[in-house]
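Heads up, the thing below is written out as structure tokens.
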Amino acid sequence: MGACSLPGVSIVYDRFMPMLWRAVARGFVKLEHAQFVAAGLWHGFDCGIDVSLLQGKRRFLNYKSALEARPKVSKATRVRVQKGKTLMLCQVAKDYCVRSLAKIIPYPHWRLFSIAAVPKPLEPLEARPVSDHTKSGLKAATTDPRLRHTITAMEEIPRELKFAFSMIVGDVDAAYPLLPLAWWVWPFFMFAWFDVREMDESASMSMFLYMHVCGDFGTSGFPGTFKIFFTDVVVNMARSESVLTLPMPVFVDDMALIGPITAHLVREWDRFKAFLKSIGVPMKELKERLASVRQLMLGFWWDSIARTRTLESRKLTQYLEMFSDFARRKTLSLTEMQSCAGRMQRAVMTLPQGAACMLASIYSLMAGLTLGFQKRRTTRVFREDVQGIHDLLHVNMGRGFFAWDRFSRAPQVWTDASKSSKYAGGGYVSACGAYRWWVYGGSAKRKPIDFLEGDAVVLAAEDLGPGWYRCVVPIHLDNSSFQRSAVKGWSHADRLHGLLRMLFALSLKYECVFEFHWLSTHVNVHADALSRPDGETWFLEHVYEDGIWLPGPARRHPDSGKVRCLGSEFSADKAGDGPRRTAPEFVMAVSFPRASVHEGLPTDLVEDVQEFLSERLKASSQRTVNAAVSHWRRVVQRYGWNEVILSDDPHRGGKLAAFVFN
């Protein structure tokens, strides 16, 4: 029985282990995962903690959030104590300083961690106690590389949720407390709290010492531990026993069973729940959702017919409020940045591919910070990115496509650029018959080749984008650096990141999705020829022979052969004399209606607003405006115009030009 004999552990060891080794023999469970779980169920799981790195005796006070939610935290702790997952050891001094605790705790090295509390959205009368193992050093001492993992549920659900498929959602009840802790890490899982034997509303200030013997929420090694236990072992044991046959993406302790036939889906789900119950893994009935083609999972409503995922309305409101606030903030703490980064990442999932380019600024902002209270000044780029996501999220109302299998396929596009000491050029060719080539000017020649390769993709999208409405566009290029950055949507290199922002703006403008593919230079011969001196002749001789184009006339771009110059603000300026950039490119792709402070203004506020507007300028500025108005009136009298230029007056450009020359 081992650690499973502890009162707080519900896993049925004698039934679990034979099925585990059968699954290994059948090839469903990897041997290293089976050995990891077998050792954990017998000795307890150490969560990858190296206790030799935790020297000395330290204690930390509880957080304000836990103290304010004392009744809820006491209730949750009482449940753990009653189930045997936490031990109530003894009473301690009210200040429980290290000196007084050292007389009680017999271990040479130990930690008392801080407790925080977070609300449960589905259970408003409950709160989840969260252990802060960062300050205590437990997180830094978690060194087991086996626990590093990537959660793939967000990629698996779009892949498995085919058109008109249904989904059932469930949740493991108290996932982390399900597993026993190894006895040698117990001294580092202690905390001080009030007497949980009293009523929740008790005002007694007596403090008691508690020790976790089963997992808690906040230990950095537990997500990886539970992933191996449940996703890699338990789920595959169910497949080994023919309990599971349908795909089931798992996100920590949340799971989604997906299938085309509802009746089959329900039967398999019932079998899986019975299997989990037989080995001592309980399910939470409150979070179970019946089979449906529109299902809530991981904070999104997934619609297998419309092929969309939509943020919950409650979360959409929270995200918009946070983004609006953070776009104006000059400083943010690490905790705030982490929360913002998580929400930005989820918001990006409702936007077209390439929106990840707006996440790079916040990741760079968090670099080097380790403690939640540490602060850093925000950058202009970060504030623009947050405001941009806010505006786009407000436009799409948190709803975007998770799959493009109902989109059309655009003709393939091949792009390339070349650079040498004597010549730098680029070109693209489309399977629709369009092509273009150009020569880079002096400033562009000094750009790295990966930038020029990306610029060729941007120019192709600008030229061909009007024909890509609701299409998936395959783009082939032979530069792996830009191609890999384009696939993930962002780059550490600012020069490439700027190009990706431009591509994202174009995808919004033309409502298309880019699909980037790498191919060898020896295969990309047609675009390569257009990027080199005198390559157009060779290109036209071979493009039909190789089957790139079907018989028919070619469409040569009228600007082919011209010099392409890139100024300092290349994103909107080719010659270096363009307008100053005042907003991110992806925001400029969204139209904003006109608004006036006078429209919809209550009558009783008209005089106040007019008075405020009349005094908004300083005396010196007002004199400058008055001088300009006097000049404008002379121009108006000369040409017989109305003194006020109306909104959207088609002649307003000419009038302003006349004003400047006069």
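The values are calculated or read from the model by the stated rules, or taken from the named source; none is laboratory data. Only a predicted model underlies this, so the values are computations on that prediction, with no experimental measurement involved. Methodologically, a virtual Cβ is constructed for each residue, glycine included, from the backbone with ideal geometry; neighbour enumeration extends over all protein chains shown. To get the accessible areas, we keep the full protein, side chains included, count just its heavy atoms, and leave off ligands, DNA and RNA. Shrake-Rupley method; radii C 1.70, N 1.55, O 1.52, S 1.80 Å.
A few comments on the model shown:
- For F482, the conditions (1) closer than 22 Å to C432 by Cα; (2) open to solvent by less than 20 Å² (accessible area, probe 1.4 Å); (3) touching a Gly at 6+ places or on another chain (Cβ under 8 Å) all hold with the exception of (1).
- Residue match in region 327-335 (condition: at pLDDT 90 or above, under 21 Å from E156 (Cβ atoms) and out of contact with any His (no Cβ under 6 Å at 6 or more places or on another chain)): no
- Candidates in region 501-528 are the residues that are of a type in the set (A, V, I, L, M) and farther than 19 Å from Y469 by Cα; of these, the one that is most open to solvent (accessible area, probe 1.4 Å) is V523.
- Among all residues of region 87-96, there is at least one that is more than 37 Å from the chain's Cα centre (by Cα) and among the charged types (D, E, K, R).
- Flag for L499 being under 23 Å from S418 (Cβ atoms) and either in contact (Cβ under 8 Å) with a residue 24 or more places away in the chain or touching a Ser or Thr at 6+ places or on another chain (Cβ under 8 Å) (or both): yes
- Residue within region 234-257 that is hydroxyl-bearing (S, T, Y) and under 30 Å from the mean Cα position of the chain (by Cα) present: no
- Region 209-236, subset surrounded by 19 or more Cβ atoms within 10 Å (Cβ to Cβ) and over 19 Å from R146 (Cβ atoms), residue modelled with the lowest pLDDT: G218
- Taken together, L464, L452 contain a single residue that is of a type in the set (A, V, I, L, M, F, W, C), modelled with pLDDT of 90 or more, open to solvent by 10 Å² or more (accessible area, probe 1.4 Å) and part of a helix (DSSP H, G or I), which is L464.
- Every condition in (1) modelled with pLDDT of 75 or more; (2) closer than 30 Å to I389 by Cα; (3) surrounded by 11 or more Cβ atoms within 10 Å (Cβ to Cβ) is met by I548 except one, and the failing one is (2).
- Within region 112-125, the set of residues being part of a loop (DSSP other than H, G, I, E, B) and out of contact with any Gly (no Cβ under 9 Å at 6 or more places or on another chain) comprises P121, L122.
- If the condition is being open to solvent by less than 40 Å² (accessible area, probe 1.4 Å), touching a helix residue (DSSP H, G or I) at 6+ places or on another chain (Cβ under 8 Å) and outside any strand (DSSP E or B), then region 266-287 contributes F272, F275, L276, S278, I279, G280, V281.
- Among the residues making up region 1-49, those that are assigned to a loop (DSSP other than H, G, I, E, B), open to solvent by 80 Å² or more (accessible area, probe 1.4 Å) and more than 20 Å from C214 (Cβ to Cβ) are F28, K30.
- Subset tally (residues that are among the basic types (K, R) and closer than 25 Å to Q412 by Cβ) for region 422-445: 1
One line per residue, one yes/no per condition, for (1) at positive phi; (2) over 23 Å from the mean Cα position of the chain (by Cα); (3) among the hydrophobic types (A, V, I, L, M, F, W, C); (4) not in a strand (DSSP E or B):
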| position | (1), (2), (3), (4) |
| --- | --- |
| I104 | no, yes, yes, yes |
| A127 | no, yes, yes, no |
| G137 | yes, yes, no, yes |
| A140 | no, yes, yes, yes |
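- Residue that is modelled with pLDDT of 90 or more and in contact with a Lys or Arg (Cβ under 9 Å, 6 or more places away or on another chain), where the choices are R399, R377: R377
- Taking the conditions (1) closer than 25 Å to W302 by Cα; (2) in contact (Cβ under 8 Å) with a residue 40 or more places away in the chain; (3) surrounded by fewer than 15 Cβ atoms within 10 Å (Cβ to Cβ); (4) of a type outside the set (D, E, K, R) in turn, A263 satisfies each one other than (2).
- The residue of region 189-208 that is most open to solvent (accessible area, probe 1.4 Å), among those that are closer than 24 Å to S10 by Cβ and in a loop (DSSP other than H, G, I, E, B), is R197.
- The lone exception for D200 - which of (1) in contact with a Phe, Trp or Tyr (Cβ under 9 Å, 6 or more places away or on another chain); (2) among the acidic types (D, E); (3) at pLDDT below 90 it fails: (1)
- Test: residue in region 76-88 that is touching a residue at least 12 places away in the same chain (Cβ under 8 Å), within 25 Å of G221 (Cα to Cα) and in contact with a Leu (Cβ under 7 Å, 6 or more places away or on another chain): yes
- For region 314-338, filtering for residues that are open to solvent by 50 Å² or more (accessible area, probe 1.4 Å) and either basic (K, R) or in contact (Cβ under 8 Å) with a residue 60 or more places away in the chain (or both) leaves 4.
- Enumeration of residues in region 583-605 that are at pLDDT 75 or above and either surrounded by 10 or more Cβ atoms within 10 Å (Cβ to Cβ) or acidic (D, E) (or both): V597, E599, L601, D604, L605
- Any hit, region 426-436, residues being of a type in the set (V, I, T) and either part of a strand (DSSP E or B) or open to solvent by less than 40 Å² (accessible area, probe 1.4 Å) (or both): yes
- Selection from region 504-541 of residues that are in a loop (DSSP other than H, G, I, E, B) and of a type in the set (D, E): E511, D534
- In the set (1) under 21 Å from S418 (Cβ atoms); (2) open to solvent by 20 Å² or more (accessible area, probe 1.4 Å); (3) outside any helix (DSSP H, G or I), I475 fails one condition alone, (2).
- Against the test of being polar (S, T, N, Q), open to solvent by 40 Å² or more (accessible area, probe 1.4 Å) and within 33 Å of the chain's Cα centre (by Cα), the options S65, S52 yield a single qualifying residue, S65.
- Filter result for the condition that a residue is under 45 Å from the mean Cα position of the chain (by Cα), charged (D, E, K, R), open to solvent by 50 Å² or more (accessible area, probe 1.4 Å) and at pLDDT 70 or above, over R633, R616: R616
- Residue identified as surrounded by 17 or more Cβ atoms within 10 Å (Cβ to Cβ) and assigned to a helix (DSSP H, G or I) among M88, M154: M154
- Counted residues, region 245-260 - those being modelled with pLDDT of 90 or more, buried (at least 20 other Cβ atoms within 10 Å of the Cβ), touching an Asp or Glu at 6+ places or on another chain (Cβ under 8 Å) and outside any strand (DSSP E or B): 1
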